[in-house]
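Trainee: After the structure tokens below, expect a handful of questions from me.
Each reported figure results from applying straightforward, stated rules to the coordinates on display, with no laboratory input. Please read all numbers here as calculations on a predicted model, not as lab measurements. Glycine also receives a Cβ, built like all others from the backbone with ideal geometry; neighbour counts cover every protein chain displayed.
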Amino acid sequence: MASPFTVRRARASDVPAIESLVAPYVRRRILIGKERVAYYESIQEFEVAEVPGGELVGCGALHTLWEDLGEIRTLAVSERWLHHGVGHAILEQLQRDAVELGLKRLFCLTFEVDFFSGHGFHPIGETVVSPEVYAELVRSSDEGVAEFLELARVKPNTLGNTRMLKLLDAPPAVEIPS
Ligand SMILES: CC(C)(COP(=O)(O)OP(=O)(O)OC[C@H]1O[C@@H](n2cnc3c(N)ncnc32)[C@H](O)[C@@H]1OP(=O)(O)O)[C@@H](O)C(=O)NCCC(=O)NCCS
């Protein structure tokens, strides 16, 4: 059976729909809300799931943290479409994007521990970067980076969330025809 939705890179014009997908989860303090301008600024990070007719039923973003490390963020599926494989398809695409970027590890901060465990993520304790990288990351003004570093000022946002990490497999070697 053909997939009832397709996953594609987001376009700038998708921002209002992405905001609508994220809003119910922001209200429930599951995801962090952002200003509209922040979505436009980071639109290249997003993949979206679209159904025939053009409605967006899911979105997710890959944020680069460091040379080998990325974060899955703002993964949100429309309530009507939960448990139809949309989250899985977007996460798979974001992982392909991460491999293409040369990332080796993916971080996420989530309440959806079973979903991410099922995709090869495992809970982690402390920050998984060296003190040198920490010292550089702490200069970022990005709220998600502050959460990754567990800075005191964002602690209320992260209560109850689980920090998870996945090691990405090396991309398959390209066979050169002889
Ligand atoms: C986490 C989230 C993105 C998952 O989205 P989803 O589209 O429901 O995910 P999937 O459908 O791929 O998988 C969810 C479950 O449905 C099951 N499923 C997938 N396709 C299915 C189908 N066709 N029929 C029945 N079940 C199905 C999966 O096996 C999975 O089961 P599990 O939870 O026991 O592992 C969604 O719950 C969400 O938006 N949560 C709020 C935001 C959030 O917490 N984001 C993560 C942090 S950024």
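Trainee: Could you give the length gained by full extension between residue 124 and residue 150, i.e. 0.36 nm per residue of separation minus their alpha carbon distance, to one decimal place?
Mentor: Computed gain between residue 124 and residue 150 is 8.1 nm.
Trainee: Another question, then. Using label points projected 7 Å from each Cα along Cα→Cβ, tell me how many nm separate residue 37 and residue 113, to one decimal.
Mentor: For the pair residue 37/residue 113, the computed spacing is 3.9 nm.
Trainee: Let me ask something additional. Nearest 5 is fine: what % of DSSP beta bridges in segment 15-145 come out antiparallel, could you say?
Mentor: 80 percent
Trainee: May I pose another question? Calculate for the chain the 222 nm mean residue ellipticity that helices alone would give, adding -39,500 (n - 2.57) per DSSP H run of length 4 or more and normalising by residue count, nearest 500 deg cm²/dmol.
Mentor: The helix-only estimate for the chain comes to -8500 deg cm²/dmol at 222 nm.
Trainee: Still on this structure: Between residue 133 and residue 27, what length comes free when the chain is fully extended (0.36 nm per residue of separation minus the Cα-Cα distance, one decimal in nm)?
Mentor: Taking 0.36 nm per residue and subtracting the Cα distance, the gain is 34.8 nm.
Trainee: With Cβ to Cβ distances under 11 Å as the rule, what net charge do the other residues near residue 122 carry (K, R +1; D, E -1)?
Mentor: +2
Trainee: Next up: Using the Cα gyration tensor of the chain, with a ≥ b ≥ c the square roots of its eigenvalues, what is the shape: rounded (a/c below 1.5), prolate (a/b larger than b/c) or oblate (neither)?
Mentor: oblate
Trainee: Most exposed first by the Cβ proxy, i.e. fewest other Cβ within 10 Å, how do 36, 73 rank?
Mentor: The fewest-first ordering by Cβ neighbours comes to 36, 73.
Trainee: Quote the FRET efficiency, to the nearest 0.05, computed for residue 79 versus residue 12 with a Förster distance R0 of 35 Å and r equal to the Cβ-Cβ distance.
Mentor: Computed FRET efficiency for residue 79 and residue 12: 0.90.
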